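K.L.:
Input: one structure, supplied below.
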Amino acid sequence: MAFPLMYQASKFDSFKKFINSVVIPLFKFSVIFEFIFGLYTFALWVEIIIIPIVVLIAGMMAVSEKKPEHKKVYTILQWMLNILVLWILYGISKHFFQHYREYCNMSTVRQFLNPLCLSILFLPVLYGLSMYLHYEIVLVVLKRHLKNSGNYRYAVNQAMLRFNGDLEGLL
């Protein structure tokens, strides 16, 4: 999850957009995917069947999402994927209720908190990367316009002092 977010770091031009497009989905992904789907694994034959089906549906969704004439196919594939996810959640919850004592221990709490803590620790790095990329873009444009190196250094220092973490004001 972290690697694709690093490629999208230049798209966050405000802190509010960063929170809405990164922080909230990252926590949802951490809680749902890492914990619930990692809590219980199916039998090997079920996993071998599920993975190619999900990859096939996701690939077909990626292709059909691009063209408006394939909107119906995209909707059907979305329903198929939702049904598959609900079936997986049913299997996990059924196993959880049948064996709930196995999950009521400190190890499960640590397993739940680990992705959340790692996500929290990764957020400043991601926002710092976003700030660096935006400052780099602005400073390259500024360097093109200011030929004198003294004026350029002064402008860079003033930009750092005045805009600090305010990406909206910088752009």
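The values are calculated or read from the model by the stated rules, or taken from the named source; none is laboratory data. In this text, all values refer to a predicted model and were calculated from it rather than measured experimentally. So basically every Cβ, Gly included, is an ideal-geometry build from the backbone, and we count neighbours across all protein chains shown.
K.L.:
Cβ contacts < 8 Å: first residue farther than 13 Å from residue 92 by Cα, restricted to the range 35-56; second residue at pLDDT below 85 and surrounded by 13 or more Cβ atoms within 10 Å (Cβ to Cβ), any location; separation 6+ or different chain. Result?
P.N.:
Partner pairs satisfying both residue conditions: 50/42; 50/88.
K.L.:
Turning to a different aspect of this structure: Among the listed residues 75, 108, which satisfies the condition of being modelled with pLDDT of 85 or more, closer than 25 Å to residue 24 by Cα, under 26 Å from the mean Cα position of the chain (by Cα) and not acidic (Asp, Glu)? If you could, list the steps in order and put the result at the bottom.
P.N.:
On the way: 108 fails: modelled with pLDDT of 85 or more.
On inspection, the qualifying residue turns out to be 75.
K.L.:
State yes or no: is residue 94 loosely packed, with under 12 Cβ neighbours inside 10 Å and either in contact with a His (Cβ under 9 Å, 6 or more places away or on another chain) or within 30 Å of residue 47 (Cα to Cα) (or both)?
P.N.:
Numbers: loosely packed, with under 12 Cβ neighbours inside 10 Å: yes; either in contact with a His (Cβ under 9 Å, 6 or more places away or on another chain) or within 30 Å of residue 47 (Cα to Cα) (or both): yes.
Against the criterion (loosely packed, with under 12 Cβ neighbours inside 10 Å and either in contact with a His (Cβ under 9 Å, 6 or more places away or on another chain) or within 30 Å of residue 47 (Cα to Cα) (or both)), residue 94 qualifies.
K.L.:
To continue, here is another question. Of the numbered conditions (1) exposed (fewer than 12 other Cβ atoms within 10 Å of the Cβ); (2) hydrophobic (A, V, I, L, M, F, W, C); (3) over 25 Å from the mean Cα position of the chain (by Cα), residue 87 fails exactly one; give the number of that condition.
P.N.:
It is condition (3) that residue 87 fails.
K.L.:
What's the number of the only condition in (1) exposed (fewer than 10 other Cβ atoms within 10 Å of the Cβ); (2) over 24 Å from the mean Cα position of the chain (by Cα); (3) farther than 15 Å from residue 41 by Cα that residue 121 fails to meet?
P.N.:
Answer for residue 121: the failing condition is (2).
Rundown of residues vs (1) closer than 21 Å to residue 79 by Cα; (2) surrounded by 14 or more Cβ atoms within 10 Å (Cβ to Cβ); (3) aromatic (Phe, Trp, Tyr); (4) at pLDDT 70 or above, yes/no style:
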| residue | (1), (2), (3), (4) |
| --- | --- |
| 19 | no, no, no, yes |
| 28 | yes, no, no, yes |
| 36 | yes, yes, no, no |
| 39 | no, yes, no, no |
| 44 | no, no, no, yes |
| 48 | no, no, no, yes |
| 53 | yes, no, no, yes |
| 65 | yes, yes, no, yes |
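K.L.:
Yes or no: residue 7 surrounded by 13 or more Cβ atoms within 10 Å (Cβ to Cβ) and either under 30 Å from residue 110 (Cα atoms) or at pLDDT below 70 (or both)?
P.N.:
Working: surrounded by 13 or more Cβ atoms within 10 Å (Cβ to Cβ): no; either under 30 Å from residue 110 (Cα atoms) or at pLDDT below 70 (or both): yes.
Criteria not met by residue 7.
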